[in-house]
Amino acid sequence: MDCTALREEIRTYLGLAPPGSPPAFQVLEEEECEGYSRFLISYGGSEGDEIPAYLLLPQGSGPFPGVLIHHQHNGERHLGKSEVVGLAGDFLQAFGPALAQRGFAVLAPDSICFEDRRPNRQGTVPDGDNDFFQHYNEMCYRLLRGSTLMKKVLDDANIGFNLLKNHPLVDEARIGVLGHSYGGNTAIFQMALNTELAFGCASGAACTYGQKMRAGTGLEMALVIPGFSARYELTDLVKCAAPRPFLLVSATEDKYSLDAHIIEAEARKTYAQLGAADRLVHHRYGGGHALTEERFWNIISWLVDTAHGPTSP
């Protein structure tokens, strides 16, 4: 099956919403930072809810390349957008400022059940088991209704993309997606299924369902899609990213990206058929799941080169 047909089949299987009108957003706070402005904004989600996010805009008149950054999970549902922009959590998750200072417009939203999208809880204060069970219920209730958490996550993600695409300072032909771990899962799915994304990077996320189930590795809740692994694999999603530039970042002792090299080898065949074998890039490191300074800066460098350099789509 060719990529176009496979992509549409998976989109239909997940029941993704069609592209909508560009969302209006409200600016709640504004702060001038070194080399960029940081805006706390809010815009409508896919189910009539509100999505809080940080929008970082470089100094200058643009148009700038854009990147939608999906935050990690790490069992810390009290963190989301704030970690991406360096206000809380792990500084090696603060991709937002590093990219904004290098000329990218950045959108970093909270995913559902994280940070300010936790029911009855806002801010970066953890709420123990309650944070877990609220997230668990979001998955379970959707399964009972015949839907999935992944559909909600991706529908919201595509609204974020649409916001960037229609921002007057953003070059709509140079918008990418980035994520580590949970964010990397979202990046793989979104890159595969939204062909308007020009490039993408997924760190600590390229691992097949088969490998995870054989090893007894836990599944992030959005990955629980009834019947999905009987028909598709993560490899199929990476194939659907072709021929656009895509960086996979993995590590030899990371159970969440353990067989990324096998995914790469299979997906590269599809890239090669489209004359774009060099656009699928895989950086494999020794070590575990957590980002290191080396990985962080290599991701930044690849994104800068891809958005501004000769491989720019």
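Scanning region 229-262 for residues that are touching a Lys or Arg at 6+ places or on another chain (Cβ under 8 Å) and free of Cβ contacts under 8 Å to residues at least 24 places away in the same chain gives a single hit, 261. Please verify whether region 191-199 includes one or more residues that are at pLDDT 95 or above, buried (at least 24 other Cβ atoms within 10 Å of the Cβ) and hydroxyl-bearing (Ser, Thr, Tyr). No, region 191-199 has no match at all. If I filter region 232-255 down to residues being among the polar types (S, T, N, Q) and over 23 Å from residue 13 (Cβ atoms), which single residue comes out as surrounded by the most Cβ atoms within 10 Å (Cβ to Cβ)? Once the filter is applied, the top-ranked residue is 250. Which residue is least open to solvent (accessible area, probe 1.4 Å), if the candidates are limited to region 41-73 and must be of a type in the set (S, T, N, Q) and within 19 Å of residue 177 (Cβ to Cβ)? My answer is 72. Put simply, of 225, 300, 263 the only residue that is open to solvent by less than 20 Å² (accessible area, probe 1.4 Å), within 16 Å of residue 188 (Cα to Cα), in a helix (DSSP H, G or I) and of a type outside the set (Ser, Thr, Tyr) is 263. The residue list 133, 114 contains one member that is aromatic (Phe, Trp, Tyr) and under 21 Å from the mean Cα position of the chain (by Cα), which is 114. With a requirement of 1 or more residues that are more than 20 Å from residue 199 (Cβ to Cβ), the strands (runs of 3 or more DSSP E) lying completely within region 1-105 that satisfy it span 25-33, 36-44, 50-58. Within region 168-193, if we keep just the residues that are hydrophobic (A, V, I, L, M, F, W, C) and part of a strand (DSSP E or B), the residue that is farthest from residue 228 (Cα to Cα) turns out to be 170. Pairing residues of region 89-107 that are at pLDDT 95 or above and crowded, with 20+ Cβ neighbours inside 10 Å with residues that are of a type in the set (S, T, N, Q) and assigned to a loop (DSSP other than H, G, I, E, B), at Cβ distances under 7 Å and at least 6 apart in sequence or on separate chains, gives 93/72. You will find that of 151, 212, the residue that is open to solvent by 40 Å² or more (accessible area, probe 1.4 Å) and assigned to a helix (DSSP H, G or I) is 151 and no other.
The values are calculated or read from the model by the stated rules, or taken from the named source; none is laboratory data. Note that the structure is a prediction, hence the values are computed from the model and not measured. Glycine gets a Cβ as well: all are built from the backbone with ideal geometry, and neighbour counts include every protein chain shown. All accessible areas refer to the heavy atoms of the entire protein, side chains included, with ligands and DNA or RNA removed. Shrake-Rupley method; radii C 1.70, N 1.55, O 1.52, S 1.80 Å.
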